[in-house]
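Here is the structure we will look at, set down as structure tokens.
Please treat every number below as a calculation from the coordinates, not as lab data. For clarity, every value in this text was computed on a predicted model and none was experimentally measured. Because the Cβ atoms are built from the backbone with ideal geometry, glycine has one as well, and the counts that use them run over all protein chains shown.
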Amino acid sequence: MHSDRINNIGESQTAKIAAIAIQMKRDKVDVVDLTVGEPDFPTPLNIKKAAIEAINKDLTRYTLIPGTIELRQAIINKLKKDNDLEYDLDNIIVSSGAKQSIFNVVLTVVGKDDEVIIPAPYWVSYPEIVSIAEGKSVIISTEEKHGFKLTTRQLQDNITAKTRAIILCNPSNPTGAVYSKSELEALAEVLENENIIVISDEIYEKLIYDNTEFCSFASVSPIMKNKTVVINGLSKAYAMTGWRIGYAAGEKGIIKRASKLQGHCTTNAPSISQYASIEALEGPQDEIENMHQEFEKRRDFVYSKLWEMDGVSCTKPQGAFYVFPNISTYLNKSYNGSTIRNSYDLAHYLLEEARVILIPGAAFGSDNHIRISYTTSMERLGEGMNRIESALKKLNTTSK
Ligand SMILES: Cc1ncc(COP(=O)(O)O)c(C=O)c1O
């Protein structure tokens, strides 16, 4: 009746907590939501105007499957300007969100039982997409002392004859880790002689702090450029999550096959969003910079608040809009007669006791952590952090 392919996909493990939070909000309980994976700012006006203009000009039909020539050219210009990468139109495919871009590329390069290396903590969808492709995820736990980054040793030790791809999230959701150029060069040295495709998810590229310099994996060397498919999109940087525009840039054979797949799936990304995206990429960037600065302020605030809390430690995230504190000292504490056994239990406790919703680290492959998203106002963040602090204090005093 139902296929194994779908039955084998994991249910969203966070859905239960989200359902409780939704019910609490319905019951008018004042919940602070720190789960949201999208900017809380509106899409900039110039981008919205470009979409309205596209509608008025009747640019509302199917486009070429990999995207309009104008948008692909704007993406080529962006990749040249920001990342010093040179591509042709045939190297680019635009999709309905970066999630579809990753889906297309994984299904294009990964066959049955092929292994895909995924450093943990990872973005929740990677292992599920690999499983849909009938591949095998090889999860490598990165260490906090290495800034949650994959080491060359770990990479070397996990490559086998079946390794087909590695999915690297840089900057990372959920840890905010950003790989430096030299760290990428060291990983590239391991990969250069291997028949392995790097799927480099760079969707948070524009959200990077402390004047850290971003380096795209594809720009590390000409050999790696040929082996890397860059994934990027408009959702996070331009506050355009609902517009559904992402793209992949890579070797022509891969892009051609990804287009074939997309042609039988969604055809093209929404035409109106494609026209708006040209304005996003080529129009004024000051609003993007304003959002970026606001995110950096929030990150600093949440990060310093966390360090003020007893028993909480935190690696400073350098990108994206998440912090990933270590809460392991609170595991095995008890409240109301029940024990907090894992990060799910702690998230439940914080929801019930503090009315704060956040995502347990186990959902990302790391049970000693929780993910806090700072895509909400300073005022709500302040409220949320105070609530977390008092709820954790309570655990300290009520537990042995
Ligand atoms: C790491 C990562 N990659 C890809 C995506 C997908 O983005 P899009 O909205 O463009 O599909 C997300 C969204 O949460 C993400 O966090």
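Please list 243-255, 377-389 highest first by mean number of surrounding beta-carbon atoms within 10 Å per residue.
By packing density, highest mean first, the sequence is 243-255, 377-389.
Per residue of segment 79-85, what does 6.51 cos²θ - 1.76 cosθ + 1.60 with θ = phi - 60° give for ³J(HN,Hα)? Whole Hz please, x for Gly and Pro, Karplus curve as stated.
So the J values, rounded to whole Hz, are 5, 6, 5, 7, 10, 6, 10.
Return the single residue from Asp90, Asp157, Asp113 with maximal mean-square fluctuation; model: Gaussian network over the chain, springs between Cα atoms under 10 Å.
Looking only at Asp90, Asp157, Asp113, the largest GNM fluctuation is found for Asp157.
Rounded to whole Hz and in sequence order, give me ³J(HN,Hα) for segment 318-331 from the Karplus expression 6.51 cos²θ - 1.76 cosθ + 1.60, θ = phi - 60°, writing x for Gly and Pro.
9, x, 6, 10, 10, 10, 10, x, 8, 10, 4, 5, 8, 6
Is segment 1-133 rounded, prolate or oblate when judged by the Cα gyration tensor, a ≥ b ≥ c being the square roots of its eigenvalues, rounded requiring a/c under 1.5 and prolate requiring a/b larger than b/c?
Working: a/c = 1.96, a/b = 1.20, b/c = 1.63.
Since a/c reaches 1.5 but b/c is at least a/b, the shape of segment 1-133 is classed as oblate.
How about segment 37-97: which GluC sites (Glu not before Pro) there lie in a loop by DSSP and see at most 16 other Cβ atoms within 10 Å?
Sites meeting the loop and neighbour criteria: Glu86.
What 222 nm value per residue comes from the helices of the chain, counting each DSSP H run with n ≥ 4 as -39,500 (n - 2.57) and dividing by all residues, nearest 500 deg cm²/dmol?
-12500 deg cm²/dmol
Under 5 Å between amide H atoms, partner at least 5 residues away or on a different chain: which partners does Ile140 have, H built in plane at 1.01 Å?
Long-range HN contacts for Ile140: Ile118, Ala120.
To make sure I understand, if each residue's beta carbon is the centre and we count other beta carbons within 10 Å, what order do His2, His292 fall in, fewest to most?
Going from sparsest to densest Cβ surroundings: His2, His292.
Share of antiparallel DSSP beta bridges in segment 61-282, in percent to the nearest 5? Present the calculation step by step, with values, prior to reporting the outcome.
Working: 9 of 27 bridges.
Close to 35 percent.
Taking 0.36 nm per intervening residue step and subtracting the Cα-Cα distance, what contour gain separates Lys28 from Ser334 on full extension?
That works out to 107.4 nm of additional length.
Can you sort Cys169, Cys314 by how many other beta carbons sit within 10 Å, fewest first?
Lowest count first: Cys314, Cys169.
Please give the net charge around Ile255, taking every other residue with its beta carbon less than 12 angstrom from that of Ile255, where Lys and Arg add +1 and Asp and Glu add -1.
Values: positive: Arg72, Lys252, Lys256, Arg257, Lys260; negative: Asp88, Asp90, Glu251.
Neighbourhood net charge equals +2.
Rounded to the nearest 20 debye, what is the charge dipole size of the chain about its Cα centre when +1 sits on each Lys and Arg Cβ and -1 on each Asp and Glu Cβ?
I would put it at about 800 debye.
With a ≥ b ≥ c taken as the square roots of the eigenvalues of the C-alpha gyration tensor of the chain, please select rounded if a/c is under 1.5 and otherwise prolate if a/b is larger than b/c or oblate if it is not?
Prolate is the answer for the chain, as a/c is 1.5 or above and a/b outweighs b/c.
Quick one: among Gly67, Gly361, Gly147, which has the greatest mean-square fluctuation in a GNM of the chain with alpha-carbon springs under 10 angstrom?
Greatest mean-square fluctuation among the candidates belongs to Gly147.
Considering only DSSP beta bridges whose two residues both sit in the chain, what percent are antiparallel, to the nearest 5?
Just about 45 percent of them are antiparallel.
Indicate, rounded to the nearest 5 percent, the antiparallel portion of the DSSP beta bridges found entirely in segment 156-245. Provide the component values of the computation, followed by the final result.
Working: 0 of 9 bridges.
Around 0 percent of the beta bridges assigned by DSSP in segment 156-245 are antiparallel ones.
Residues with amide H under 5 Å of His369's amide H, sequence separation 5 or more or different chain, H placed in the peptide plane at 1.01 Å from N; which?
HN-HN under 5 Å from His369: Ile327, Gly361, Ala362.
With θ set to phi - 60°, apply the Karplus curve 6.51 cos²θ - 1.76 cosθ + 1.60 along segment 55-72 and write out the HN-Hα couplings as whole Hz, x wherever there is a Gly or Pro.
Result, ordered by residue: 5, 5, 8, 6, 8, 10, 9, 4, 10, 4, 4, x, x, 5, 4, 4, 5, 4 Hz.
When a/c reaches 1.5 or more, the comparison of a/b and b/c decides; with that in mind, is segment 161-273 rounded, prolate or oblate per its Cα gyration tensor?
Cα axes put segment 161-273 in the oblate bin.
Please build a GNM for the chain, connecting alpha carbons under 10 Å apart, and tell me which residue among Tyr303, Tyr209, Tyr62 fluctuates the most.
Tyr62
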